[in-house]
1. For the range 1-120, build the convex hull from the C-alpha positions and give me its volume per residue in Å³.
2. Report the semi-axes of the equivalent ellipsoid for the range 141-252 in whole Å, largest first, where each axis is √(5λ) for an eigenvalue λ of the Cα gyration tensor.
3. Quick one: ranking Lys66, Lys7 by accessible area, 1.4 Å probe, largest first, what do you get?
4. Quickly rank 169-181, 124-136, 50-62, 221-233 as a protection proxy: mean count of other C-beta atoms within 10 Å, highest first.
5. Hey, got the dipole for the range 1-91? About the Cα centre, +1 on K and R Cβ, -1 on D and E Cβ, debye to the nearest 20?
6. At R0 = 41 Å, how high is the FRET efficiency between Phe117 and Leu216 if r is their beta carbon distance? Nearest 0.05 is fine.
7. Based on the Cβ-Cβ distance of Ser174 and Asn204, what FRET efficiency does E = 1/(1 + (r/R0)^6) give at R0 = 41 Å, to the nearest 0.05?
8. When ranked by the protection proxy of mean other Cβ atoms within 10 Å per residue, highest first, what sequence do the peptides 184-197, 201-214, 235-248, 18-31 form?
Amino acid sequence: MTSNDIKGYGLAALAAAAYGTNPAFAVPLYEQGMNPNSVLLFRYIMGVPLLAVVMLIRGIPFGLKKEQIAPTAILGILMALSSLALFESYNYMNSGIASTLLFIYPVIVAVMMIFFFHEKFKVTTALCLIIMGAGLILMLKPQAGSEISAYGCVLVTLSALTYALYIIFVNVSSHIKPIPTTKLLFYVLGWGSMVYLVMIALGNKVTLPSPAAGWLNLLALAIIPTVISLACTTRAIQLIGSTPTAILGALEPVSAVILSIVVLGQSITPREIAGGLLIVTATSIAVADKSVDKVILHVRKMFPRVKK
């Protein structure tokens with residue numbers, strides 16, 4: 001495993017942990033009367049100047065080549081739609097369940113990379129997805145007396161699909177690859193903000209957090225699950241590719257559960273522990289991809305096919 005591989009896997013895991021903080025910051029804002037579109041508008045707008053400052057410090061130019069404008073706009077729209085669908089789903093179902101269901105996106109990424117971009121099918125990938133799926137099912141825990149909303153599931157599926165398309169597009173677009181990560185995110189958030197402004201023009205009202213502390217939640221949303229998570233995700237894709245990055249993203253529900261225990265003092269069930277262990281196992285296999293492939297190949301050689 002090269003140093004770039006180690007760095008890529010580490011960034012993918014950090015991105016997942018950071019993204020797992022979304023509900024912790026968003027749900028309290030809903031309780032203060034904010035709607036998802038307003039939360040996301042402020043989240044994106046507050047993230048743009050933060051990235052601009054980093055670009056200025058690093059001496060990264062703001063200009064884009066003509067052929068890079070459309071791809072960055074597409075990425076911004078995809079990310080904005082993914083965020084909006086996920087945050088809307090929090091109004092129809094438990095945020096923890098929604099965040100867990102979101103992680104059908106590694107399956108979407110893997111399938112699309114194989115069928116549309118001719119990525120080689122790997123037994124380890126299939127094994128990771130199966131184990132990860134089992135872990136996610138175990139971690140699904142509806143609140144007592146509650147049901148999983150069908151409409152909420154549709155919203156989460158839409159969020160997963162658009163996020164999967166974002167990950168794939170970052171990986172395959174020749175116009176995107178030369179753009180520095182910070183600069184790319186600057187334009188992704190900028191274009192994404194336009195989506196929320198269009199929603200306001202179409203009649204979606206702007207709401208503000210009632211206590212001053214709500215602005216701290218918005219700032220935290222802009223920094224942790226937006227700038228940090230997306231920056232780590234984008235760089236990880238460039239280092240290790242779409243599918244491994246997506247699979248390691250499944251650590252997000254694990255980080256969310258750990259956060260709820262440490263910060264919120266919530267309890268954890270044996271079922272959730274088992275689910276978390278399965279997800280960690282799946283991501284460990286993804287990291288040890290080449291080594292596991294060698295073991296599987298060795299086992300196959302031990303049991304040669306019988307010729308008819």
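The values are calculated or read from the model by the stated rules, or taken from the named source; none is laboratory data. Just so it is clear, the structure is predicted and the values come from calculations on it, not from any experiment. No Cβ is skipped: glycine too gets one built from the backbone with ideal geometry, and neighbour counts run over all protein chains shown. In case anyone asks, the SASA skips ligands and DNA or RNA and just uses the protein heavy atoms, side chains included. Shrake-Rupley method; radii C 1.70, N 1.55, O 1.52, S 1.80 Å.
1. Numbers: hull volume 20.3 nm³, N = 120.
Each residue corresponds to 169 Å³ of Cα convex hull volume.
2. Numbers: eigenvalues 144, 92, 51 Å².
Semi-axis lengths for the range 141-252 are 27, 21, 16 Å.
3. Lys66, Lys7
4. Working: 169-181: 16.8, 124-136: 20.4, 50-62: 13.3, 221-233: 22.5.
Packing order, densest peptide first, comes out as 221-233, 124-136, 169-181, 50-62.
5. On the way: 5 positive and 4 negative charges, 70 e Å.
My answer is approximately 340 debye.
6. Details: r = 42 Å, r/R0 = 1.01.
It comes out at approximately 0.50.
7. Values: r = 36 Å, r/R0 = 0.87.
Result of the calculation: an efficiency of 0.70.
8. Details: 184-197: 22.7, 201-214: 12.2, 235-248: 25.3, 18-31: 20.4.
Descending packing order for the listed peptides: 235-248, 184-197, 18-31, 201-214.
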